[in-house]
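Report on the following structure.
Values in this text are rule-based calculations from the coordinates and carry no lab data. Predicted model, so just to flag it, every value in this text is computed and none were measured. For neighbour counting, all protein chains shown are included, and Cβ atoms are generated from backbone atoms with ideal geometry for every residue, glycine included.
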Amino acid sequence: METEKLWQQFKKKLAEVGDFEELEKLRVEFLGRKGKINQLFQKVTSLPPEKRKEFGQEVNRLKGKIQKAFLSRERKIKASLERNLTGKKIDISLPGKEVSLGHIHPITQMKWEVADIFQRMGFEVLEPQEVTTDYDNFTALNIPPDHPARDMWDTFWTKEGYIPITHTSSMQNWIYRHRHPPIRAVVIGRCFRNEATDMGHEHTFHQIEGVYVDKGITVANLIETMRVFFSEFFGKELRAKVRPSYFPFVEPGLELAIECVLCGGKGCSVCKQSGWLEILGCGQIHPRVLEEGGIDSKKYTGFAWGMGLERMIMLRMGIEDIRHFHSGDLRFIRKF
Ligand code: DAH
């Protein structure tokens with residue numbers, strides 16, 4: 001019998017239905033306007049008149065059975081949705097579970113804070129391009145190929161010869177070419193070094209690069225700018241001093257130290273009893289670097305500096321191991 005066959009077919013399909021979506025599909029297939037039941041009804045006209053009534057009634061009965069089966073199946077799906085995995089009914093009147101929200105990563109918080117301080121001092125804040133050319137990372141900074149100073153940076157190279165930036169100085173040339181003096185710009189971003197990690201070193205870390213180019217800029221401006229920044233960042237008036245150092249893109253190259261923020265200059269284990277913290281490399285921008293950026297070095301001078309963001313956060317927060325920052329350890333992250 002045709003109706004019996006269809007009923008068996010329907011039951012089989014209904015047993016496989018798992019959710020409302022599948023149930024609705026099945027409903028359309030059987031009870032829809034062009035569904036199987038209506039197709040059967042259409043057959044009535046092709047039957048001899050004496051058989052029409054009986055067949056029509058039969059199809060009607062089947063339709064009723066199918067509708068009932070749908071309803072009961074629908075109720076079952078609903079009920080199973082209302083149960084949770086333990087098989088208990090959900091009490092919808094219970095107070096909800098508190099969702100624990102994440103928060104901004106400490107490095108991002110500090111990036112924003114540093115950016116804010118420099119912006120208030122009149123600097124524009126930029127982000128570096130993270131993968132760049134040999135030219136921008138080295139050559140434009142007075143470090144041509146084969147210059148021994150390249151060994152100062154343990155560099156990663158891509159197969160195509162590009163560099164995940166080893167320092168944010170990589171943005172200097174771009175800045176000189178896209179801005180006109182007076183230039184006051186700060187670059188905050190990630191750097192990458194192919195080196196072993198320890199408490200003080202990470203392969204991925206953040207640097208803050210700064211440049212100031214105008215007529216008559218001297219090292220005195222540099223020291224005072226840095227002193228003001230660190231006093232803001234550490235929340236107390238700090239002294240700053242420089243001593244000679246070497247970086248190919250500055251002349252003279254300097255290392256700037258601030259009064260130890262932990263002992264106030266008295267001497268402690270963090271400053272190795274010296275009372276001073278060497279915190280960044282800096283100097284007067286080398287005339288060649290300015291010229292390479294299209295800036296007339298006879299007319300303009302400037303200073304540049306580069307410092308590690310993590311180191312500063314570690315000093316401010318008393319964190320002893322730089323590797324915590326990227327460890328993904330929530331116990332660490334939640335302290336901020
Ligand atoms: N780029 C240097 C580094 O990563 C840091 C630095 C030193 C930047 C002196 C400067 C600078 O702009 O003048 O080691």
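Below, the figures for the structure above:
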{"quantity": "Odd one out for LEU254 among (1) touching a helix residue (DSSP H, G or I) at 6+ places or on another chain (Cβ under 8 Å); (2) touching a residue at least 40 places away in the same chain (Cβ under 8 Å)", "calculated": "(2)"}
{"quantity": "Residue, nearest to TYR212 (Cα to Cα), within the range 137-171, restricted to residues that are in a helix (DSSP H, G or I) and over 24 Å from the mean Cα position of the chain (by Cα)", "calculated": "LEU141"}
{"quantity": "Criterion: of a type in the set (Lys, Arg) and in a strand (DSSP E or B) - qualifying residue of LYS241, LYS299", "calculated": "LYS241"}
{"quantity": "Positions within the range 102-144 being surrounded by 14 or more Cβ atoms within 10 Å (Cβ to Cβ), closer than 19 Å to HIS167 by Cα and β-branched (Val, Ile, Thr), in sequence order", "calculated": "ILE107, VAL114, VAL125, VAL131, THR132, THR133, THR139, ILE143"}
{"quantity": "Subset of the range 262-289 (residues that are surrounded by 20 or more Cβ atoms within 10 Å (Cβ to Cβ) and farther than 18 Å from THR225 by Cβ)", "calculated": "CYS271, HIS286, VAL289"}
{"quantity": "Residues located in the range 283-333, provided they are within 14 Å of the ligand (Cβ to nearest atom) and among the basic types (Lys, Arg)", "calculated": "ARG288, ARG311"}
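For (1) under 20 Å from the mean Cα position of the chain (by Cα); (2) part of a loop (DSSP other than H, G, I, E, B); (3) farther than 27 Å from GLU320 by Cα, each residue gets a yes or a no:
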{"site": "HIS103", "(1), (2), (3)": "yes, yes, no"}
{"site": "GLN109", "(1), (2), (3)": "yes, no, no"}
{"site": "TRP112", "(1), (2), (3)": "yes, no, no"}
{"site": "TYR135", "(1), (2), (3)": "no, no, yes"}
{"site": "ILE175", "(1), (2), (3)": "no, no, yes"}
{"site": "ILE188", "(1), (2), (3)": "yes, no, no"}
{"site": "GLU195", "(1), (2), (3)": "no, yes, no"}
{"site": "PHE205", "(1), (2), (3)": "yes, no, no"}
{"site": "ASN221", "(1), (2), (3)": "no, no, yes"}
